[in-house]
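Structure record follows, encoded as structure tokens.
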């Protein structure tokens with residue numbers, strides 16, 4: 001989920017985002033999360049930290065303030081639209097995040113300060129981008145001072161309940177990798193050692209927390225293991241995953257609509273105790289429905305009002 005121009009794409013990062021967004025959608029399906037709670041814990045340890053690392057790494061500081069604010073605004077517009085819709089839906093439907101009594105004050109609180117449901121990532125990303133960009137421009141020659149200031153502001157925002165400090169630190173870690181000029185794939189090295197370590201780490205339930213040392217190691221080993229998988233996959237599968245990665249923001253924004261709708265078809269798959277058939281059908285519907293929504297937005301020429309550009313699917 002990023003705003004990187006298609007001419008600057010990095011295949012391995014698109015692959016990671018493609019796999020991670022499939023995991024996000026899979027475990028937003030309540031039936032799958034309830035059927036495989038331990039696997040859900042494992043995935044939740046690394047999937048959003050992985051996205052934040054990549055987002056931090058891909059953020060450029062070379063834009064002029066006007067251009068940066070324009071880019072950030074076009075992240076805020078879909079966030080505000082979708083978070084508004086999700087909050088209203090939570091007041092009307094019996095979903096996990098159900099709101100018993102929605103007031104204007106509560107609506108604004110969820111929209112601007114404490115997002116409800118899956119769109120917290122965009123809220124955190126916008127805050128991280130703004131803080132990191134303007135502190136870097138305020139202290140251009142004091143590298144370590146500005147990094148410390150960024151961390152301190154992140155911590156302050158976390159104390160106010162506006163973000164998770166551990167999540168913000170993953171964004172900062174990705175930004176530091178870029179600032180140091182290090183290739184993402186040189187730091188997250190694909191290796192069988194990382195795969196073996198990942199297999200060992202996930203057996204320890206106490207490690208399944210992204211804010212712990214064990215959780216940090218799981219994030220590192222998970223991304224390195226996925227890059228190992230990338231090395232051995234057939235080119236055709238890679239291309240399909242790149243496509244999903246390029247459109248991961250679109251999938252992230254619209255898939256919650258379809259994960260909620262998929263709840264109504266759950267009884268049709270009661271005959272399958274593994275829930276895997278439901279997962280395959282629901283995942284296909286969520287991905288296909290999200291891409292179809294993007295296509296409709298393009299055809300109706302609404303992209304420039306929602307994303308600041310006519311071309312929505314890349």
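Stretched out straight at 0.36 nm per residue, the stretch from residue 309 to residue 211 would grow longer than its current Cα-Cα span by 31.7 nm. Using only Cα coordinates, the Kirkwood hydrodynamic radius of the stretch 1-149 works out to 17.5 Å.
By the compact-protein rule of thumb, 2.2 N^0.38 Å, the alpha-carbon radius of gyration of the stretch 6-306 corresponds to a ratio of 1.01. In this label model, residue 192 and residue 204 are separated by 2.4 nm, measuring between points 7 Å along each Cα→Cβ vector.
Oblate is the label for the stretch 167-314, because a/c, from the alpha-carbon gyration tensor with a ≥ b ≥ c as root eigenvalues, is 1.5 or above and a/b does not exceed b/c. The spread of Cα positions in the stretch 23-92, taken along each principal axis and listed from longest to shortest, comes to 48, 33, 11 Å. Dividing the summed -39500 (n - 2.57) terms of all DSSP H runs of n ≥ 4 by the residue count of the chain sets its mean residue ellipticity at 222 nm at -22500 deg cm²/dmol. Note: relative contact order over the chain, using C-alpha pairs below 8 Å and six or more positions apart, is 30 percent.
Compared with the direct C-alpha span, the chain from residue 100 to residue 126 gains 6.5 nm at full extension, assuming 0.36 nm per residue.
Laboratory data are not the source of any read-out in this text; all were calculated from the coordinates shown. What you see is a predicted model, and the numbers here were worked out from it, not measured in a lab. Virtual Cβ from ideal backbone geometry, glycine too; neighbours counted across all protein chains shown.
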